[in-house]
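For reference, the structure is listed below as structure tokens.
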Protein chains: 2
Amino acid sequence: MTSDDLAKCLGTNPVVVRRSMGFLRQAGIVASDRGHAGGWRITADLSVVSLRQLHDALGEPALFAVGNRNELPDCLVEQTVNAALDQSFAEAEALLLKRFGEITLADLAADFTLRHAARRNQKET
Amino acid sequence: MTSDDLAKCLGTNPVVVRRSMGFLRQAGIVASDRGHAGGWRITADLSVVSLRQLHDALGEPALFAVGNRNELPDCLVEQTVNAALDQSFAEAEALLLKRFGEITLADLAADFTLRHAARRNQKET
DNA sequence: TTTCATGTAACATCAATAGTTATGATTCGC
DNA sequence: GCGAATCATAACTATTGATGTTACATGAAA
């Protein structure tokens with residue numbers, strides 16, 4: 001599939017698609033071919049690639065909307081609050097990454113198939 | 001304490017302080033006095049106010065850095081991905097809010113006291 | 001009545017993300 | 001080989017949300 005077509009599906013720009021797909025290529029999940037009839041291909045086994053791997057491949061972007069203003073503040077109040085929040089966020093992050101690790105692209109494909117069939121049935125009724 | 005003094009401590013602007021403190025006042029956690037010798041007072045019992053309550057009082061701002069582009073997309077792929085992520089995020093959010101509910105301002109005050117004593121000892125040595 | 005505060009609206013700034021344009025490099029079909 | 005299709009990438013622009021600022025009104029105390 002070309003970046004142009006993907007961009008249309010995603011409602012965005014082909015360059016934006018290439019930016020993200022480039023990371024997935026570095027991780028060996030997809031490959032790209034230049035020139036005529038080129039575009040993107042999935043190279044990995046869907047049952048092996050987890051959401052966790054995609055997250056890692058995309059540079060482990062921040063999961064939480066908030067974070068410490070300073071990692072090592074002089075202010076003792078700030079240190080105290082940071083410590084309390086760090087602990088809670090670390091637990092939540094660990095759980096989130098664990099769940100991401102349990103969901104593979106094959107799982108999503110299977111769920112998609114169910115949804116697809118359900119929609120088709122609905123149309124026939 | 002005045003908004004001006006708080007702003008200096010926080011390295012920000014007094015109006016920004018008032019914006020946030022206004023929410024805490026609505027929740028009954030602090031009170032403000034105008035005029036001479038006015039400013040902000042804590043009105044709640046420190047052992048009763050949890051981080052969860054602060055979070056709620058401040059309007060339950062988003063905890064996660066990512067979210068669904070559309071809540072109810074037509075696209076079946078998007079629906080599939082949303083469902084998978086929603087589940088994981090819901091679990092992580094529940095855990096996070098639970099932890100926030102377990103931490104009170106009194107807990108933070110106690111931890112601060114320890115850190116304060118530790119710093120003092122370090123200076124004496 | 002002057003001074004010190006908060007309350008609040010309106011505006012400005014900043015940073016991060018997303019989007020765009022432009023150009024170069026590669027591949028395939030003819 | 002030539003030209004069209006496609007990715008690669010740098011540079012620039014636009015958008016958005018959070019934050020910061022200014023200005024002015026209101027209220028309370030000395």
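The table that follows gives values for the structure above.
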{"read-out": "Residue in region B:7-21 that is within 16 Å of the chain's Cα centre (by Cα), surrounded by 14 or more Cβ atoms within 10 Å (Cβ to Cβ), on the phi < 0 side of the Ramachandran plot and within 11 Å of another protein chain (Cβ to nearest Cβ) present", "value": "yes"}
{"read-out": "Filtered residue count, region B:25-36, keeping only those that are within 16 Å of DNA strand D (Cβ to nearest atom) and either within 14 Å of chain A (Cβ to nearest Cβ) or not hydrophobic (A, V, I, L, M, F, W, C) (or both)", "value": "6"}
{"read-out": "Top-ranked residue in region A:37-64 [being within 14 Å of DNA strand D (Cβ to nearest atom) and part of a loop (DSSP other than H, G, I, E, B); ranked as surrounded by the fewest Cβ atoms within 10 Å (Cβ to Cβ)]", "value": "A:Ala37"}
{"read-out": "B:Ala109 being within 9 Å of another protein chain (Cβ to nearest Cβ), surrounded by 13 or more Cβ atoms within 10 Å (Cβ to Cβ), touching a residue at least 60 places away in the same chain (Cβ under 8 Å) and not in a loop (DSSP other than H, G, I, E, B)", "value": "yes"}
{"read-out": "Subset of region B:14-36 (residues that are more than 9 Å from DNA strand C (Cβ to nearest atom) and either in a loop (DSSP other than H, G, I, E, B) or closer than 14 Å to B:Leu105 by Cβ (or both))", "value": "B:Leu24, B:Ala27, B:Gly28, B:Ile29, B:Val30"}
{"read-out": "Residue ID - nearest to A:Ala94 (Cα to Cα), chosen from residues in region A:12-56 that are touching a Phe, Trp or Tyr at 6+ places or on another chain (Cβ under 7 Å) and assigned by TED's automatic domain parsing to the domain that holds A:Gly101", "value": "A:Arg52"}
{"read-out": "Residue in region A:86-93 that is touching a Lys or Arg at 6+ places or on another chain (Cβ under 7 Å), farther than 27 Å from B:Asp74 by Cα and either without any contact (Cβ under 8 Å) to a residue 60 or more places away in the chain or of a type in the set (Lys, Arg) (or both) present", "value": "yes"}
{"read-out": "Near pairs, Cβ below 8 angstrom, 6+ apart or cross-chain, from region B:1-12 (over 15 Å from B:Ile42 (Cα atoms)) to any residue that is modelled with pLDDT under 95 and within 11 Å of DNA strand D (Cβ to nearest atom)", "value": "none"}
{"read-out": "Selection within region A:7-24 - more than 10 Å from DNA strand D (Cβ to nearest atom) and of a type in the set (Lys, Arg)", "value": "A:Lys8"}
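The values are calculated or read from the model by the stated rules, or taken from the named source; none is laboratory data. Treat the numbers as computed from the prediction; the structure is a model and nothing was measured. Here Cβ is always computed from backbone atoms with ideal geometry, including for glycine, and neighbour counts include all displayed protein chains.
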